[in-house]
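The block underneath contains the structure these notes are about, expressed in C-alpha cells.
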Amino acid sequence: MTQSDKIRVMIVDDIVDTRDQIEKLLFFEKDIEVIAKASNGREAVAMAKQHKPDVILMDINMPEMDGIAATEAIMAQDSAVQVIIMSVQGETDYLRRAMLAGAREFLTKPISADDLYKSIRHVHRLAATRPRVTPQASSSSDNGSVDSGTQGQIIAVFSPKGGVGTSTIAANLAIALRQLTHKKVVLVDGNLIFGDLNVILNLVSKKTIVELAQRVDDLDRDLLNDVLATHTSQIKVLLAPPNPQTGELVTSDHLRTILELMRREFDYVVVDTQSSFQDRALAVLDLADRIVALMTLEMPCIKNIKLFLEVAELLEYSKEKIMLVLNKADNRMGFNVKDVQNNIQHEVVLQIANAPQEVTYSVNQGVPLVIAKRTHQTSRDIFTLAGRLCNVSKGVTDVPPSSDGRPPQKKAGQSRGLFGRLLARR
C-alpha cells in the first residue's frame, strides 16, 4: 500500500494522554496514518486547513473552541472532510448537535479499538461518494449576496395532491443544497394556512411571512434578514403564519415581491408550495425556475399529476421546468413506473426511496433525515436530487420582474385564479 492510499487522520483532544493513546491504537493499522494532532478546536481548524486530513477524530468538550464549533468551521472550509465526534457523554442532545454540525459518526468514550477502526473506514468510504467542494469554488459567500449580474434559483416543491411529502422533501432538499454547495439557501413555507416547516425543523420564531407582507413597501435586505429564522444547518427559513386567519392576510402579490427579493439575495430559494391552483400557489409556480413535482404510486395522485401536467402545458410551462419525482418509491405498490410514465407522457427523473418509519421519526424529533441519517437510501436520493438542481441552468420564468426589480402587478379587473388565467390565454 502506497502512502497516498492511506486514510489520513487528525486527532483533536485537549488531553495529551488521550491523543497519544488513540495514536497508538492506530499505529499498527496499515491503511491508516495519523498526520496531525491538535489540542483544541481553534488549533484544529487551522491544522485541518494546512494538512487536509481525510478523517478527523474530534473531542466535543475542549477549551477555546469546542468540537461542535470546530466541526462547523472545518466543514465550511472543506465539506469532504469526515468528522467523527468523541464524547464521554452519549446523550441524544449531544448526538443531535454533532450531526447538525456536520459530523458523520458519534463515538462514546472509552472507545474500543474495533469501533474506532470501523468508524474511520466507514466514514472514509462515504467520502468517496461525494465530491470535494471548497468555498473558493462558490460564486457567493455566506456573508455576501449573490454575485452581481446573477440571480438565485427558485425551486418550487409541489404536488397537486396533499399528503405526498412536499414539506419533508422541501426541508431536506434545502439542507442538502446547502451541504453540497455551501451557498446561500433559504427555505420558504408557502403553505400559508397549515405550514409545518417549524415542526419539521424544530424551529421557534415569533416572526413569520406576515411581518414581511405587512411592510412589503419597505421590504429590503435588512428587513428580510430580521424576519428569517436560522436553522442549525445554516439555511435560512421563512416560516408560515401562526394560524389560518393570519395566513389569509398574505396575498399572491406579497409572495411575488418577497420571492423576487430572495432571488437577488440567495443562491437557492426552496419553496414548500401549497397543493392547489389558487393565486398564491400559481404565483410561486410562475416564478419558479424549476418545479419539483412530487407524486406517489397511488391512483388519486397519478390522476392529479396527469391533470397538473395538462394545466402546466396550458400555462405554457416548458417541460424542462418540471422535474417529476416519485416520492415514497416502493416496488410493492402494484404499479410499474414505466407504465405510469407512458400514461402521463412525462419522464420520472428520480425516485426517492420509501422510508415511512425513519421519516416519521425524523419529523417527530425535529431533525431532518439528511442530517440524522445521511447515509440512508432516502437521504442519498435527496442528495442526488439536490445535485441535479445544482448543475442545471436557470429557466425563463413566466412572470418577469419590472425595471425596479418587482414583479408586475395585476391590472384592475384582471381575472384571478386558474380559470381566469386560462381564459386570458385564449
Original post:
Karplus couplings for the stretch 361-377 from phi (6.51 cos²θ - 1.76 cosθ + 1.60, θ = phi - 60°), rounded to Hz, Gly and Pro as x?
Top reply: 5, 5, 5, 5, 7, x, 10, x, 4, 5, 9, 5, 9, 6, 8, 5, 4
Original post:
By count of other Cβ within 10 Å, fewest leading, how are Lys6, Lys49 ordered?
Top reply: Lys49, Lys6
**OP:** For Glu33 paired with Asn364, estimate the spin-label separation in nm (one decimal), with each label point 7 Å from Cα along the Cα-to-Cβ line.
**Re:** 4.7
Subject >> Using θ = phi - 60° and Karplus 6.51 cos²θ - 1.76 cosθ + 1.60, couplings along the stretch 73-87 (whole Hz; Gly, Pro as x) >> reply: 5, 5, 5, 5, 6, 8, 6, 8, 5, 9, 9, 10, 7, 10, 8
Original post:
What is the calculated FRET efficiency for Gln21 to Phe194, with r their C-beta to C-beta distance and R₀ = 51 Å, to the nearest 0.05?
Top reply: 0.45
**OP:** Please go through the stretch 45-95 and write out the GluC sites (Glu not before Pro) that DSSP classes as loop and that have at most 13 other C-beta atoms within 10 Å.
**Re:** Glu64, Glu91
Subject >> For the stretch 144-424, the Rg and Dmax computed from alpha carbons only, in angstrom >> reply: 17.9, 53
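None of the figures in this text is laboratory data; all of them are computed from the coordinates on show. Computed from a predicted model, the values in this text were never measured in an experiment. Virtual Cβ from ideal backbone geometry, glycine too; neighbours counted across all protein chains shown.
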